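Notes to accompany the following structure.
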Amino acid sequence: MSEIEKSFQELLSLICLEPLEVNLFRGESRDIGAPRVFGGQVLAQAVLAASATIEDRLIHSLHAYFLRGGDPAAPIVYDVDRSRDGDSFSARRVVAIQHGRPIFTLAASFQGPEDGLEHQFDAPNVPSPEDLGIQLEADSETLQHLPQKMRRWIDRFGPFEFRRVGEYNPSNPKPEKPQQQIWFRLNGELPDDPVLHRALLAYVSDFHLIGTATLPHGISWTLGNLVMASLDHAMWFHRDFRLDDWLLYSSDSPNMGSGRGLARGMIFDRSGRLLASTAQEGMIRIRNDKPDQ
């Protein structure tokens with residue numbers, strides 16, 4: 001099995017949940033060399049937990065808060081509250097629990113198929129992912145100073161591949177406009193399960209989004225003095241899609257202040273259909289003391 005296939009299967013295994021009782025599920029965590037659980041993992045698992053209590057309806061919106069950093073060495077329990085099942089919409093609330101304390105909450109809404117009026121923003125006019133070619137998240141010198149697990153997490157042989165539009169060097173960041181476009185795809189073929197595709201899109205939507213707020217300030221996670229943590233995450237699913245083809249994540253950051261940065265995103269497919277929209281606020285601070293390498 002290749003490294004790509006192995007990473008893909010690990011991701012699918014990671015987000016799978018074990019039913020414990022009615023409305024109660026348990027998910028495993030993954031140590032990626034960071035001090036806390038990756039927020040996208042908790043987001044995806046919570047989406048699957050809520051979706052497991054729903055029939056014939058798909059998640060169309062979610063609003064989540066990250067309350068505490070998750071322990072990557074411990075499982076997470078997801079407690080689902082079946083808030084409401086109406087004629088057209090269903091609402092669920094999920095609390096993720098570790099060591100007896102809530103670390104995350106999710107409010108989600110579900111809807112069945114329905115026809116109606118449509119409009120959307122146009123997709124940005126950017127080069128195709130094939131025109132951009134293979135890229136690395138960081139140069140070889142920077143990668144050497146990262147933990148082995150984190151190096152494996154961000155290289156192009158991981159479960160997702162990313163290709164950024166335009167030049168950007170995280171090892172030598174320069175101030176630039178607070179906007180970016182990144183092509184991404186899942187390195188593996190998924191079954192025709194829209195619940196799984198939406199959960200994994202929620203997972204990958206946590207990559208790079210809040211980083212958009214750092215661009216005007218010439219700062220980067222590779223420099224060792226940047227402290228970042230997601231505070232909340234909102235997402236709206238507009239249309240069905242497949243995650244195993246290239247999608248474009250276009251994001252901008254309208255504001256930074258009080259140690260918090262706000263970022264917004266839109267996710268398009270190759271044909272220019274708007275698939276989902278996102279918004280996230282995160283804590284962004286500069287450390288005065290640079291930690292040991």
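FYI, it's all coordinate maths here, none of it is from the lab. Small disclaimer: the values here were computed from a predicted structure and weren't measured. Methodologically, a virtual Cβ is constructed for each residue, glycine included, from the backbone with ideal geometry; neighbour enumeration extends over all protein chains shown.
Quick look at the numbers
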read-out: For the chain, calculated [θ]222 nm from helices alone, where every DSSP H run of n ≥ 4 adds -39500 (n - 2.57); value: -5000 deg cm²/dmol
read-out: Gain upon complete extension [SER271, LEU20; 0.36 nm per residue less C-alpha separation]; value: 86.2 nm
read-out: Percent breakdown of C-alpha pair distances by 5 Å bin, ordered from the shortest bin, for the chain; value: 1, 5, 12, 16, 19, 19, 14, 9, 4, 2, 0, 0
read-out: Simple Cβ-charge dipole of the chain, Lys/Arg +1 and Asp/Glu -1, about Cα centre, in debye nearest 20; value: 1000
read-out: ARG242/ARG30 FRET efficiency (R0 25 Å; Cβ-Cβ; nearest 0.05); value: 0.55
read-out: Leading residue at positive end of dipole, the chain (Cβ point charges), from LEU67, SER277, ILE15; value: LEU67
read-out: Charge dipole magnitude, Cβ of K and R +1, D and E -1 - region 71-114, Cα centre, debye nearest 20; value: 140
read-out: Helix axis angle, 3-15 relative to the chain longest principal axis, alpha carbon, degrees; value: 40
read-out: Inter-site label distance for GLU167 and MET283 at 7 Å from Cα along Cβ, in nm; value: 3.6
read-out: Sites GLN120 and GLU189, calculated FRET efficiency, Cβ-Cβ separation with R0 22 Å, nearest 0.05; value: 0.25
read-out: Efficiency of FRET between ARG93 and MET1 - r from beta-carbon atoms, R0 35 angstrom, step 0.05; value: 0.35
read-out: Student exercise, region 10-55 dipole from Lys, Arg, Asp, Glu Cβ charges, in Debye to nearest 20; value: 180
read-out: Top positive-direction residue, dipole computed over the chain with Cβ charges, set LEU226, ALA107, LEU24; value: LEU226
